[in-house]
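The structure appears below as structure tokens.
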Amino acid sequence: MMEEVSADSAKNVPRGTQSPFSLRYTLRGHTDAIMQVAWSPDGHILASGSGDKTIRLWNAETGQELSTLEGHTRDIDCVSFSSDGRFLASKSLDGTVRIWRTSTWETVEIIEEASSQAVTFGLDFHPCAPILATLGEKILSFASGMWTLMRSRKLLQ
């Protein structure tokens, strides 16, 4: 069982005391900063979105790179797996959200959003329904989008 350690208690760990956490792998491959990571629902894959405009997929057991997803034209700030593991969503400063089918890693949908020079903030799948929520900046107020995914024939295949 792993001992729970908060940020406040971690700074009070006496020197020479072993931390309950250890580095398992250093995942190398991106050529720019990693902006976000997301676990697949089964825990076998870790996705990382980067300023290098790619998503890299990693085997969580071995640390090996499985694939590189390309298509965005600017930094990728957000990645999220659907709760059933069938899709991965990515959001970029290029003003698009891409939906990738995890069985083939092909883009099956591109959602255009209002683009901004600011950070794109977030996206997440609903835990039980085929809905993707996105959050971004639009002028001076914040706006979110709710996308019902089952309307798309590409996603139903």
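Coupling constants for the range 44-51 follow from the phi torsions by the Karplus curve (6.51 cos²θ - 1.76 cosθ + 1.60, θ = phi - 60°), and in residue order they are 8, 10, 10, 9, 10, x, 9, x Hz; glycine and proline get x.
You can think of it this way: the chain between S19 and T104 has 26.7 nm of extra reach, that is 0.36 nm per residue less the Cα-Cα gap.
Modelled spin labels at W39 and A133, positioned 7 Å past Cα toward Cβ, are 2.1 nm from each other.
In which sequence would D94, D32 go, from the one with the fewest C-beta neighbours within 10 Å to the one with the most? Walk me through the intermediate numbers first.
On the way: D94 18, D32 12.
Ascending number of Cβ neighbours within 10 Å: D32, D94.
Read-outs: derived from the displayed coordinates by stated rules, not from any lab. Just so we're clear, the structure is a prediction, and the values are computed from it rather than from any experiment. When we count neighbours, we look across all protein chains shown, and the Cβ atoms used for this are built from the backbone with ideal geometry, even at glycine.
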